[in-house]
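Written below as structure tokens is the structure these notes are about.
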Amino acid sequence: MQPSICVVLIESIRVAKRVLIIDDDPVVRSLLSEYLISRGHQVDVISRSDVAMAHLHNRDSVMPDLIMLDMIMPGLTGIELLKLLRADPSCSGVPIVMLSANSASDTVAIFDHETVSADSYLQKPFDFRALDQLINGLE
């Protein structure tokens with residue numbers, strides 16, 4: 001028996017996520033946002049940490065289901081922003097995935113010296129299967 005159209009639509013709504021991408025690299029922002037949008041997710045993209053903080057505290061903004069945060073950015077780094085987000089009660093429960101060109105072991109080693117850590121890490125260049133598993137794991 002084929003699932004009804006209604007069931008299929010409900011399933012696609014259930015898995016749709018609102019994702020905030022914070023990365024200074026326009027190619028990375030474009031690549032991730034286009035991919036996530038093609039998978040049915042709502043995406044906001046921001047290039048700077050200070051703009052991201054303002055966005056998250058804007059009364060009209062909807063809190064994302066997931067934040068994808070570049071580790072190395074000019075100005076306030078991804079690690080510094082991560083600390084601020086974890087300390088902020090309005091953002092502390094949002095899962096955060098750190099994006100890094102470093103190897104996974106190097107990225108984890110960096111966080112071994114920090115007092116705060118991300119929920120997950122995604123190495124550049126991206127493995128989109130790993131990204132799908134990450135997002136689907138939020139359900």
What tally of residues in region 52-73 results from selecting those that are among the hydrophobic types (A, V, I, L, M, F, W, C), under 16 Å from the mean Cα position of the chain (by Cα) and within 18 Å of R18 (Cβ to Cβ)? 9
Within the group L82, L131, L76, L122, which residue is modelled with pLDDT of 90 or more and under 15 Å from the mean Cα position of the chain (by Cα)? L82
Matching residues in region 51-66 - criterion: being in contact with a helix residue (DSSP H, G or I) (Cβ under 9 Å, 6 or more places away or on another chain) and either modelled with pLDDT of 90 or more or within 18 Å of D24 (Cα to Cα) (or both): A52, M53, L56, M63, P64, D65, L66
Scanning for something surrounded by 15 or more Cβ atoms within 10 Å (Cβ to Cβ) and either modelled with pLDDT under 90 or part of a strand (DSSP E or B) (or both), does region 29-38 turn up at least one residue? no
Kindly indicate whether any position in region 54-61 is assigned to a helix (DSSP H, G or I) and acidic (D, E). no
Scan region 73-93 for residues that are assigned to a helix (DSSP H, G or I) and in contact (Cβ under 8 Å) with a residue 40 or more places away in the chain and report the count. 2
Checking the structure you have, find out if any residue of region 67-84 is touching a Pro at 6+ places or on another chain (Cβ under 9 Å), closer than 21 Å to V27 by Cβ and either surrounded by 16 or more Cβ atoms within 10 Å (Cβ to Cβ) or of a type in the set (K, R) (or both). yes
Evaluate region 55-66: report whether one residue or more is within 13 Å of A118 (Cα to Cα) and not small (G, A, S). yes
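The values are calculated or read from the model by the stated rules, or taken from the named source; none is laboratory data. No experiment lies behind these values; they were computed from the predicted model shown. Cβ coordinates were reconstructed from backbone atoms using ideal geometry, including for glycine residues, and neighbour counts include every protein chain displayed.
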